[in-house]
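These notes are about the structure you will find just below.
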Amino acid sequence: MALTHNLGFPRIGAKRELKFALESYWKGESSIDELKASGAALRQRHWQDQAGLDLVPVGDFSFYDHVLDMSFTLGNLPKRVQGFHGDALDNYFRVARGRSAASAEAHAGSGGVAAGEMTKWFDTNYHYIVPEFTADTAFRLDASRLLEQTAEARAQGLRVKPVIVGPVTYLALGKAKDGSNRLALLPRLLKAYAELLEIFAAQGVEWVQIDEPILATELGADWRHAFETAYHQLKSSRVKLLLATYFGQLAENRYLAANLPVAGLHVDAVNGRDDLLPLIDHLPVHKVLSLGVINGRNVWKTDLNAVLDWLEPLSERLGDRLWIAPSCSLLHVPVDLASERKLDAELQSWLAFALQKLEELKVLAVALNEGRAAVAEQLAANQAALTTRRASPRVHNPEVQAAVTSIDSHLGTRKSSYNERARKQAERLRLPAYPTTTIGSFPQTTEIRKARAAFKAGRLDIATYKAAMRAEIARAVREQEALGLDVLVHGEAERNDMVEFFGEQLDGYAFSQFGWVQSYGSRCVKPPILFGDISRPHPMTVEWSTYAQSLTEKPMKGMLTGPVTMLNWSFVRDDQPRSASCKQLALAIRDEVMDLEKAGVGVIQIDEPALREGLPLRESQWQDYLDWAVESFRIAANGVRDETQIHTHMCYSEFNDIIESIAALDADVITIETARSDMELLDVFDDFKYPNEIGPGVYDIHSPNIPSQKRMVELMQKAAARIPAERLWVNPDCGLKTRQWSEVIPALSSMVSAARSLRGA
Ligand code: GLN
Ligand code: ZN
């Protein structure tokens, strides 16, 4: 009998209940007990939703982040929050969110507290709080959270499987603040884990899921060794461990993983199918093998018959040792498709959110255990939906496919070299040295948001809406002229979101109403769904850009989102490679670039802030991704004349290790975030001679502080030590949409003065 289980459930709630409960508590509008009650109610509901499974996860619920939960369970609190007297949950939020020195609590004597650093969880868009270590980090187990939740789930009559982050992944994801070797902490850490497992055993827990996703990444010899040390030490525990790996293939870690002394192994069978047969050959015969057969990272219906075709023989072979589950925690998908009111029925029939994925899992289990005939109806319905999807003219557009097939290298290549282009652009644009510009958006005021929402809801007619947006554009142009900026922007008032704005105007994209996925803490994103071949039925930005240009003599920058960012911030098709979808997006953006050029726009910026996010987990696969990502950008950007200046923009990610690919985009100008990191990001230019123009950000737009002219000049001087001054631009780190006009005006005014003083020097 194949057993069913789940690795984790989305905690935010189908209607983002947790988000609202958290934010209300943080604002002081509700009590901590009310917040805790909301958490308990959500857990209860989510367990109810999973009640049909043989084992339900416990401990996957989190008020902010599951890695931070583990830090608290292990008693690994940063020194700055130790000795806090009060509710432990408040202390937890202090690490999660920080606390300013000006807060009431600080006045009571405890001072400000810096938030823990946050970073991306593997290749997902979820962000975790980085565990902090020093050479003298001590661990002190606090199992209360896990025990309470175990008891709660049992009270619902469920068979539970506590979920914890494994010791090796926990160490690997953390940072040693004092530069010490965090692996040296392993023996101490393992004591805490052993203690925890004993507590579970005493509670009669049979299985514990121990997550070690770093097994799907390239591991050095010391980390491989740590796995052996860790699991040999934990093997004496009386609970059975299900070692869970996900997000990709085990590949070269296959033998290591198969032979660790645990009772069961979970692998991602969606991304790691090639691994399976060799893995099974190496798996000791007493071990449970849990196969993640349903994609926990995407929103498409599973092809159940196709899965059964390869799963049935394995089920024969493994018998009771086979478990089935989603590939990873369902944290990365929305909760319930049934909430959607606006997605059309056909499109809905192709999709599965978390609850629907669990239904699929149950159908698979019945088919394996009782034969396909027992679920003939469900299998037929699944087949029918997939058949329509495969054949649908909404998905397949022969014209788009032909255009992709006929892509050749000239499409992505500028007519002349950068030097030649730079000469013609200088003649056309007549910019001073150290030209100033901004990244695109200006403050999104309440009036702007209200107008957009009213228009969307049909309460505002199109003419009134357009007039309101035009007034905002005119204001942005006026302010920029008064400030004396050199290359202006229209301000992006009409855009809710840089992907959604374009996705809504492209064929092949759909938008859910409740398809929220947690990004970090209470923050969620609603990735659009790229379901079909992408085409652009009409120009998307030309009207706004040409209107803005008509108001000024200065060059007006057209503003677009690049194909790679569109792709990386969407749920994308599973029926063709990501590279194919990316190239379709590239052709659509290219059409827009060409239309802007035709309309007389001389500077066009194509934002790619998410370029780095698409990098595969294994470095050995990076080049392949970078090749098609760079090609896609080039297709979008490089059809223009020499005189048209192409800008790109990137921010908030390391890009030093992919600098050659960034240079290969061949944008005339790149603006990047550097102020926040004090120009640290520019170190790469010591060794790598970046060939084109660069605008290193001098204004940290995340801070309400107004940077001084002096500070900006200093930052630019740091840049000029590495990059020839004639190729430098002066600009903020990123868009200004989250700031207020009252902050932006003095900050940009200092920036313009800084540029003027640099020119004088
Ligand atoms: N042009 C966008 C803006 O200014 C860029 C946003 C981003 O980099 N994420 O808001
Ligand atoms: Zn940015």
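Karplus-based coupling profile of the range 239-245, in residue order and whole Hz: 8, 8, 9, 9, 7, 9, 10, with θ = phi - 60° in 6.51 cos²θ - 1.76 cosθ + 1.60 and x standing for Gly or Pro.
How much of the calculated P(r) for the range 393-549 lies past 25 Å, in percent of all Cα pairs? Value for the range 393-549 (Cα pairs over 25 Å): 52 percent. For the range 638-644, putting each phi into the Karplus relation 6.51 cos²θ - 1.76 cosθ + 1.60 with θ = phi - 60° gives couplings of 8, x, 7, 6, 4, 6, 8 Hz, in residue order, rounded to whole numbers and with x for Gly and Pro.
Give me the dipole magnitude in Debye, nearest 20, for the range 572-645 about the Cα centre, with unit charges on the beta carbon: positive for Lys and Arg, negative for Asp and Glu.
Computed about the Cα centre, the dipole is about 80 debye.
Residues ASP624, ASP123, ASP533, arranged from fewest to most other Cβ atoms within 10 angstrom of their Cβ, appear as ASP624, ASP123, ASP533. Looking at the chain, what % of its DSSP beta bridges pair antiparallel, to the nearest 5? For the chain, the DSSP antiparallel bridge percentage is about 15.
Near the amide H of GLY558, within less than 5 Å, lie the amide hydrogens of VAL603, ILE604, GLN605, all on another chain or at least 5 residues away, with H placed in the peptide plane. For the range 1-62, the fraction of alpha-carbon pairs lying more than 17 Å apart is 43 percent, rounded to a whole number. With a threshold of 26 Å on the Cα-Cα distance, the over-threshold entries among LYS27/LYS450; LYS27/LYS177; LYS175/LYS689; LYS36/LYS161 are LYS27/LYS177; LYS175/LYS689. Overall dimensions of the range 127-199, expressed as equivalent-ellipsoid semi-axes from the Cα gyration tensor (√(5λ), whole Å, largest first), are 28, 13, 10.
Taking each residue as 0.36 nm, the span from ILE32 to THR134 lengthens on full extension beyond its C-alpha to C-alpha distance by 33.6 nm. Dimensions of the range 11-156 based on its C-alpha atoms, expressed as ranges along the principal axes with the largest first, amount to 49, 39, 31 Å. Taken along the Cα-to-beta-carbon direction at a fixed 7 Å, the label points for SER757 and ASP222 span 4.5 nm. Sequence-ordered 3J(HN,Hα) estimates for the range 493-505 from the Karplus curve with 6.51, -1.76 and 1.60 and θ = phi - 60° stand at 4, 7, 9, 6, 8, 6, 9, 4, 4, 7, x, 5, 9 Hz, glycine and proline given as x.
Charged neighbours of LEU485, selected by a Cβ distance under 13 Å, balance to 0 (K, R count +1; D, E count -1). Under a model in which nothing but the beta-carbon of Lys, Arg (+1) and Asp, Glu (-1) is charged, the chain shows a dipole of about 1240 debye around its Cα centre. Report the relative contact order of the chain, percent, no decimals, based on alpha-carbon pairs under 8 angstrom and at least 6 residues apart. Averaging sequence separation for qualifying contacts and normalising by length gives 11 percent for the chain. Here's how it looks for TYR246: its modeled amide H is under 5 Å from those of ALA216, which are all 5 or more places away or on a different chain.
Taking every alpha-carbon pair under 8 Å whose residues sit at least 6 apart, the range 441-544 reaches a relative contact order of 23 percent. Over all pairs of different C-alpha atoms, the range 183-296 has a mean inverse distance whose reciprocal, the Kirkwood radius, equals 14.5 Å. Amide H contacts under 5 Å for ALA610: THR565, restricted to partners 5 or more places along the chain or on a different chain, H placed in the peptide plane at 1.01 Å from N. Under a model in which nothing but the beta-carbon of Lys, Arg (+1) and Asp, Glu (-1) is charged, the range 654-727 shows a dipole of about 400 debye around its Cα centre. Taking the square roots of 5 times each eigenvalue of the Cα gyration tensor of the chain, largest first, gives ellipsoid semi-axes of 45, 32, 25 Å. Evaluate the Debye formula for the range 648-756 with equal point scatterers sitting on the alpha carbons, no solvent, and hand back log10 of I(q)/I(0) at q = 0.11, 0.12, 0.21 Å⁻¹, in q order, two decimals. Per q value, in the given order, log10 I(q)/I(0) is -0.31, -0.37, -1.11. Take every Cα pair under 8 Å whose residues are at least 6 apart in sequence, average their separation, divide by the length of the range 631-761, and the relative contact order is 24 percent.
Where a number appears in this text, it was derived from the coordinates with a stated rule and is not lab data. Everything numeric in this text was worked out from a predicted model, so none of it was measured. Methodologically, a virtual Cβ is constructed for each residue, glycine included, from the backbone with ideal geometry; neighbour enumeration extends over all protein chains shown.
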